[in-house]
Amino acid sequence: MKFIADVSDLRGRYVLLRASLNVPIANGEVGDLFRLKQALPTLKFLQAQGARTIVVGHIGRDVTDTLRPVYEALSREITVAWGGLVTDPAFRVKRDAMEDGEVLLAENLRQDQGEKANDPEFAKLLASYADVYVNDAFGNIHREHASMVGVPALLPAYAGMNVRLEIEQLQKVMQPESPSLFLLGGAKFETKLPLIEKYLAIYDHIFIGGALGNDVLRALGYPVGTSLLSDTPVREDIARHPKILVPVDVEVQGPQGRRVCEPENVAADETILDAGPATVAMLKPYIAEAKTIVWNGPFGNFEHGFAEATEATAKLVAQSEAFSVLGGGDTVAATEKLGLHDQFGFVSTGGGAMLTYLEKGTTPALEALK
Ligand code: ADP
Ligand code: MG
């Protein structure tokens, strides 16, 4: 793989930079700057080299979602101009007028169907704006979209600084130093099953909490009431695997309100929404003794006030001597306000991207940079 940081003759050259700009927006403003901050080193490098940088990315799920708030936030960090839609003839006019060291931010690529469809014509249009392509969008690295795999087939292609950092850090947890602990939470068991199967072979312990934990508790024969479950039941050989740890107490909500109980005592009209304090206490020595910890997925429905187990665990991981990696949009959001992120070994900008990389060790978008 070639890295843009190793290239020096960029003055005056047009660089198409695919960045991770998919930040949470609240009331028309960027709610969390983490991903944008991670995009800055490559941007500043290109600017300092005198490149003419065209930044592209996506935001949200809706075709009308706009990168305008990202433009406002980015403007506070660097000098940047708004390019609008890449399909608009005015975009080329702005692009042609760029001077060395200038940055032009394009509107949400997903406003065009061609991005997600990996339409060759859309990729050709994007490539026509630049001499060099840089992929720094680790958060999107598992997606085969036009700006991720189409464009690098048409231009000299490099990995940006954030992609390089992510790969270096994630490779460390793929060859963990023992004792190693994988903390897994969040939802959609079936999407995380291949990862669990792979890491059962290389990690000493895997804790499964969150909605995933509900699936395991059910497979173990516990009552789970009205808890969120995945469509496919968890196989018993996974649920009963000696390396798998599960919640020993849960916080539930029912007609009588909130309470903490043992998994065997969840009533039919109760919903498991978090792990309980005994579960955190159970995890404590594993975390304290671990040399490697990787964590994806909150242990509870933190958006609705069930954040205690996740927060208490984050504090323990922050205190631990282990090399720790935390990743996932919701996991980062759930732990951010604790102000502990600089006490982790590494915080990934990837959720699905991190899990895909940890499972497969590469992705088509990364292969396209080779
Ligand atoms: P990440 O974005 O960090 O990769 P996921 O998207 O896999 O994490 O999972 C996060 C979601 O899981 C959150 O919306 C959270 O509310 C939900 N969740 C976690 N535990 C539970 C639970 N017990 N019941 C319902 N939802 C849960
Ligand atoms: Mg998520």
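Values in this text are rule-based calculations from the coordinates and carry no lab data. What you see is a predicted model; the values in this text were computed from it and never measured. Note that each Cβ is placed from the backbone with ideal geometry, even for glycine, and that neighbours are counted across all protein chains shown.
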| Highest mean first, what order results for 233-243, 9-19, 145-155 on Cβ atoms within 10 Å? | 145-155, 9-19, 233-243
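Report the charge-dipole magnitude of the chain in Debye, nearest 20, computed about the Cα centre from +1 at each Lys and Arg Cβ and -1 at each Asp and Glu Cβ. Can you show the working numbers first?
Values: 35 positive and 48 negative charges, 154 e Å.
I would put it at about 740 debye.
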| task | Any chance you could tell me what percent of the C-alpha pair distances in the stretch 122-183 go past 20 Å? | result | 40 percent
| Karplus 3J(HN,Hα) series, Hz, for the stretch 249-265 with 6.51 cos²θ - 1.76 cosθ + 1.60 (x for Gly, Pro) | 8, 9, 9, 10, 10, x, x, 8, x, 9, 7, 9, 8, 7, x, 6, 9
| request: Work out from phi, with θ = phi - 60° and the Karplus expression 6.51 cos²θ - 1.76 cosθ + 1.60, the ³J(HN,Hα) of each residue of the stretch 98-111, listed in order in whole Hz, and give x for Gly and Pro. | output: 5, 10, 4, x, 8, 10, 10, 9, 8, 5, 2, 4, 6, 5
| query | If you average the sequence gap of Cα pairs under 8 Å that are 6 or more apart and divide by the length of the chain, what percent do you get for the contact order? | reply | 15 percent
| task | Report the far tail of the P(r) of the stretch 266-364, meaning the percent of Cα-Cα pairs longer than 19 Å. | result | 45 percent
| query | So how much slack lies between Val248 and Asp6, counting 0.36 nm per residue of separation and subtracting their Cα-Cα distance, in nm? | reply | 82.1 nm
| query | When N counts the residues of the stretch 1-100, how does its alpha-carbon radius of gyration compare numerically with 2.2 N^0.38 Å, as a ratio? | reply | 1.10
| said: If each DSSP helix of 4+ residues adds -39,500 (n - 2.57) and the sum is divided by the residues in the chain, what number results at 222 nm, nearest 500 deg cm²/dmol? | reply: -10000 deg cm²/dmol
| remark: Ranked from fewest to most other Cβ atoms within 10 Å of their own Cβ, Ser348, Ser128, Ser320 fall in the order Ser128, Ser320, Ser348
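Please arrange Thr292, Thr42 by counting, for each residue, the other beta carbons lying within 10 Å of its beta carbon, fewest first. Intermediate values should be presented prior to the final figure.
Values: Thr292 23, Thr42 26.
By the 10 Å Cβ count, ascending, the order reads Thr292, Thr42.
Tell me, what is the percent relative contact order of the stretch 11-145, built from C-alpha pairs under 8 Å that lie six or more residues apart? List each step's numbers first, then the result.
Values: 246 pairs, mean separation 47.7, N = 135.
Relative contact order comes out at 35 percent.
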| note | Percent antiparallel among DSSP beta bridges confined to the chain, nearest 5, equals 25 percent
| note | the stretch 111-237, Kirkwood Rh and Cα Rg, ratio Rg/Rh at 1.12
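Give me Rg/Rg_expected for the chain, where Rg uses Cα atoms only and Rg_expected = 2.2 N^0.38 Å with N residues.
Values: Rg = 22.1 Å, N = 370, 2.2 N^0.38 = 20.8 Å.
This ratio for the chain stands at 1.06.
Going by how many other Cβ atoms sit within 10 Å of their own, how do Phe323, Phe302 line up, fewest first? Intermediate results must be reported in sequence, preceding the final value.
Values: Phe323 19, Phe302 22.
Fewest-to-most ranking of Phe323, Phe302: Phe323, Phe302.
Over the Cα atoms of the stretch 18-174, what is the Rg over Rh ratio if Rh follows Kirkwood?
Values: Rg = 14.7 Å, Rh = 15.7 Å.
When Rh is taken as the Kirkwood radius, the ratio is 0.93.
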| the stretch 1-57, dipole about Cα centre (Lys/Arg Cβ +1, Asp/Glu Cβ -1), debye to the nearest 20 | 200 debye
| request: Would you work out the charge dipole size for the stretch 64-125 about its Cα centre, treating the Cβ of every Lys and Arg as +1 and the Cβ of every Asp and Glu as -1, and quote it to the nearest 20 debye? | output: 100 debye
